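Before any comments, here is the structure.
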Amino acid sequence: MKLVVEVINAHDLMPKDGEGSANPFVEVDFENQLSRTRTVPKNLNPTWNQKLVFHLDATKPYHRQTIEVSVYSERRVTPGRNFLGRVRIPCSNIVKQGEEVYQIFPLEKKWFLSSVKGEIGLKIYIASDSNSNSNIKPKPFSPIFPSEQENLPPSTPPQESSPSNKDTTLEAGPSEEVPAFDTPKASTEEAEVYSVAVPDCSTTEARSSGIDIDQEPQKESREPVLETVQQLDKHQVLQPQMISIKRRPQGTPITMHSVDPQSQSSYHENYNHNDTNSQPRISIKRRPQTQGTPFTMHSVDPQVQPSHGESYNHNDTNMQPRISIKRRPRAQGTPSPMHSINPQVHASHNDSYNLMGTRPQQPRLLVERQPQINTSLTMHRVNPQVQTSNDENYNLSDTNSPLGEQWPNGGAYGRRGWLSGSDRFTSTYDLVEQMFYLYVRIVKAKDLPPSTLTSSCDPYVEVKLGNYKGRTKHFEKKLNPEWNQVFAFSKDRIQSSVLEVFVKDKAMIGRDDYLGRVVFDLNEVPTRVPPDSPLAPQWYRLEDWREEGKLRGDIMLAVWMGTQADEAFSDAWHSDAATVYGEGVFNIRSKVYMSPKLWYLKVNVIEAQDVIPSERNRLPEVFVKAQVGCQVLTTKICPTRTTTPFWNEDLVFVASEPFEEQLTVTVEDRVHPSKDEVLGKISLPMTLFEKRLDHRPVHSRWFNLERFGFGMLEGDRRNELKFSSRIHMRVSLEGGYHVLDESTLYTSDQRPTARQLWKQPIGILEVGILGAQGLLPMKMRDGRGSTDAYCVAKYGQKWVRTRTLLDTFSPKWNEQYTWEVYDPCTVITLGVFDNCHLGGGENGSAARDSRIGKVRIRLSTLEANRIYTNSHPLLVLHPHGVKKMGELQLAVRFTALSLANMVHIYGQPLLPKMHYLHPFTVNQIDNLRYQAMNTVAARLGRAEPPLRKEVVEYMLDVDSHMWSMRRSKANFFRIMSLFSGVMTLGRWLNDVCHWKNHVTSVLVHILFLILIWYPELILPTVFLYMFLIGLWNYRFRPRHPPHMDTKLSWAEAVHPDELDEEFDTFPTSRTQDVVRMRYDRLRTVAGRIQTVVGDIATQGERFQSLLSWRDPRATSLFVVFSFCAAVVLYATPFKVVALVTGLYFLRHPRFRSKMPSVPSNFFKRLPARTDSLL
């Protein structure tokens, strides 16, 4: 991105030249990037109309930076400059291109005694790289100051800028190429001065004006000072060359090589070059050095011309700009040759140039110098198309998107504008950039003329705006059709000032017939500002486009200008998706989904009666199978063979509203290990069961089973129903539980199913999905990479899906959504996907949307009422390693409704109380979560447009429970990091005991004695210490929400085979040798874990053996020691015992032995049960 400071003019400056005038110029400093305008001689009201362009790093926060604009007067007699005033402008007030306005700033003093007066007029805005190099020439802008306007007579027209005043753009690039003269603050006597001089373009000035940067020499700095002089005359303009200055190793000769650039810098001027002998000169000088040889200078004759992006009229093809390098004598130097530069390759441009067979270009020169004696200057060829490769940044970065912008004050079509007066205020969408759209709602038509051939009409409507055309569906044989369809045209892509609405008759053969049209002038289109009600459609007469004045029916429609906050935005046909057809039109729309309401269905199978098998001479082995949809659960086989089996087992299912499925219960007999026989069956609707909200008991019921007799096997398929048995069950729908459909580690909702048990929300979560940057191509289209990205966000029961933006790697959604928050310790998940269902076709249903990346944000890590605007990296683990797929730009705000409720919620249990009164087992929770996820995916897949199963599975982390060596390592090192603090404390205590630092040991002894003497200070001291640590760590608190950490996930150093194992299917699909190798590796890891677990068990068994008499002698010694210790401790005060024990533990190393202590030796000799292991 580029920061553009357009210096317009100044007024009533302080005279500084002793003659009642000044030679003013403006210098702008932004993040150590310096750039300046030309000097206007002898003028206290100068006009520059000059743009200064600076490089703006969008990845760093710049809203706290300031732009310093200083006005100086150039001294003509003695070199130097005089200060005329300055302005400091905060970057938080910068707007984007297209919204900038002319502003007048009063000049401020730099020092207390400075004599400053006057004002300066500026325009400051942010432009993208493409816009900053636009070929559109801006109008010279020279407004009149209010003070000047008061002095003008009534008949004085507004001041117009002279045609000779041309805009000049100076660009400040990155650090490696500094065209804006990013100079150091100080220089030495050995510093070099490079000056670039070109003829002046002014039609009134006979002498050259300069652009220079003066630095006071200082001895401690050896950085070069870049001094550029720009001379502009009436013949031509040459912008300063892009020069980068670096130091080189000693001993390299100064050489200037051939320059063959591939890119040009475009500027916004239009120059007519009529002078055939104009010769811009570029000179490079060095300041005086001690004792050297003269620097040789060779003539250079290139066919290179500066590129400015405008139309040039050159009448002389022999223009030869001369490039010379002059060097003052240096110590022990050798002449440095400068070779001829004659490039013949030029970059192509889209602009019109008349250069008599040559195309202009501006070479980039890299100047390197050596700080030592016998050094040399080298100018190398630079290829601007080659970009330096940097390591991928996996960290979170700040974005400074202009959120909650104002509505436009001026229109794009004439002076009337889109809004007027009180309509100019901010929309409710304050976390996203406002995007303006022209909406056209086609409602219906009436009294359409029938065709003369068919006596009927197959009408449809075509909406045309510039090159964009949208059409409704057509109706067959209908003279009064109703469409009720909305079209949306982005303001940024509007190419015309006229909107045309055609009504056509679809023809079977040939071209469609025109029935009539309505034309709208965009200057007259009203604007709907939310939260206004929708604009009412009106009837318009259809005029024959061939015969003016002839009416062909009426059409009802509405046309208005709005933003993405409009209700019609999500269902509208968008001009940027005009290539999508068929079912793909529905698949690109933004939608809000609601997860189905999930219940736990608990079936308590108690017993059955009169269970009669088909073979009357044997007792059955009975079990019960229950099924809800695709969920099938069975009880254990009754341990006793009987006709009245008893189980008393609980079977838990997941059911969703509306209850479309039934509970099917069958009683089966295990006739053979591979054969089960159905003895009875019953199907029960869900509405039959009681809904329970707490732990109160549910009444059990007997249900009669239906048995199918031998008629099922006969040819006529007759069903012989017999009441042969019944089953005793207790069935209830549990509303007091929270049905987990996502991982418990980052759940987004913890409320129970029953709405009656919900508490009031404690806050509001607002998320603005701004866009994405740097997405990678996900598929090939027309021989090139393409990505059709959309974003999905999930929090609680609410899912949102943004629009699909076609064929872009930097989509801008700017959609804002809101959730109610019931618990701050929850996580919102956002994922970016590539839409693969745009064109329909045979394989459209089989395609799967590709994953691009996922972001999780825990709400408890967010500060209340603060807007977080960050760019989150989209990291995905592939079989070949971790990869950054791009960045997702979000604006997040968590608003707390009540501080008291927020504090109260931290003392409440995470889950509803039923999870603690009647908890589920771990296996049950995993199985139920899997079933709940399948239920949610099935329901959301039936929506329009569908939220597909692969999207839901990725958002709910369906594969988080699968084995992964990488995750195992990550969890192991997480445990080690937890114990690292204890280990550090142990090492510090060991150093205190061994008197490594005598001062620390003495202080610990004093603290120990104080705590022994006053034991009531122990707990207050501990809590005070934790309080002070908390205050100290507040300075280093996290400033950003957490993000995916590749190091914590152990994704950077993972072995490729471990990744291949993680992405393997279940069951495995790898070869036998690979599976054997992985199994052996797993056995090795498990063996180490087994050893550690065995050592822990051994130490515990030794404690048990102290009193178990497994070793009679050891137990006898311990019993005697315990008796003696009891007598001593009864007789000795506790303070004395604690004092003696502490002093013994903290004793000096002189009183310590390197051998193990007696208690340690005694404990290690105790027996364990390892002797009994096989």
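Structure data summary
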| read-out | value |
| --- | --- |
| Förster radius 51 Å - calculated FRET efficiency between GLU615 and GLU953 (Cβ-Cβ, nearest 0.05) | 0.65 |
| Per-residue SASA entry for LYS1164, accessible area with 1.4 Å probe, Å² rounded to 10 | 130 Å² |
| Per residue solvent-accessible surface (Å²) - the stretch 449-546, probe of 1.4 Å | 58 Å² |
| Positive dipole terminus of the stretch 1023-1133, leading residue within ILE1029, THR1071, THR1132 (C-beta point charges) | THR1132 |
| Centre separation in Å (Cα based) which lies between the stretch 878-947 and the stretch 519-578 | 42 Å |
| Using θ = phi - 60° and Karplus 6.51 cos²θ - 1.76 cosθ + 1.60, couplings along the stretch 924-933 (whole Hz; Gly, Pro as x) | 5, 4, 5, 5, 5, 5, 5, 5, 5, 5 |
| In Å², nearest 10: area of GLU690 left accessible to a 1.4 Å probe | 70 Å² |
| Calculated over the stretch 1113-1163: convex hull of Cα atoms, volume per residue (Å³) | 85 Å³ |
| FRET efficiency, LEU1031 to ALA896 (Cβ-Cβ, R0 25 Å, nearest 0.05) | 0.65 |
| Computed accessible area, TRP1109, all protein chains, 1.4 angstrom probe, square angstrom | 140 Å² |
| Heavy-atom accessible area ranking, 1.4 Å probe, most first, across VAL1092, VAL832 | VAL1092, VAL832 |
| Cβ charges +1 (Lys, Arg) and -1 (Asp, Glu), total dipole of the stretch 1-69, debye | 200 debye |
| Additional length obtainable on full extension of the chain from THR1170 to THR921, 0.36 nm per residue less Cα span | 86.4 nm |
| Distance between modelled label sites at ARG541 and VAL592, nm, 7 Å Cα→Cβ extension | 4.3 nm |
| Alpha-carbon centroid distance for the pair the stretch 1003-1066 / the stretch 1-80, whole angstrom | 51 Å |
| Protein-only accessible surface order, largest first, of SER964, SER455 at 1.4 Å | SER455, SER964 |
| Within the stretch 987-1022: backbone nitrogen closer than 11 Å to the LYS1135 label point (7 Å, Cα to C-beta) | 1010-1016 |
| Solvent-accessible ranking of TRP599, TRP573, TRP963, TRP1032, largest area first, probe 1.4 Å | TRP1032, TRP963, TRP573, TRP599 |
| Calculated FRET value between SER1069 and LYS675, using beta carbons and R₀ = 30 Å, to 0.05 | 0.45 |
| LYS779 paired with LYS109, simple spin-label distance in nm, labels 7 Å along Cα-to-beta-carbon | 6.8 nm |
| Total charge dipole magnitude, the stretch 727-833, about the Cα centre, Cβ charges on Lys, Arg, Asp, Glu only, Debye to nearest 20 | 160 debye |
| Accessible area of the stretch 576-664 divided out per residue, in Å², using a probe of 1.4 angstrom | 48 Å² |
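The values are calculated or read from the model by the stated rules, or taken from the named source; none is laboratory data. Fair warning: this is a prediction, and the values are worked out from it, not measured in the lab. Don't worry about glycine lacking a Cβ; one is built from the backbone with ideal geometry, like all the others, and counts go over all protein chains shown. For accessibility, only protein heavy atoms count, side chains too; no ligands or nucleic acids. Shrake-Rupley method; radii C 1.70, N 1.55, O 1.52, S 1.80 Å.
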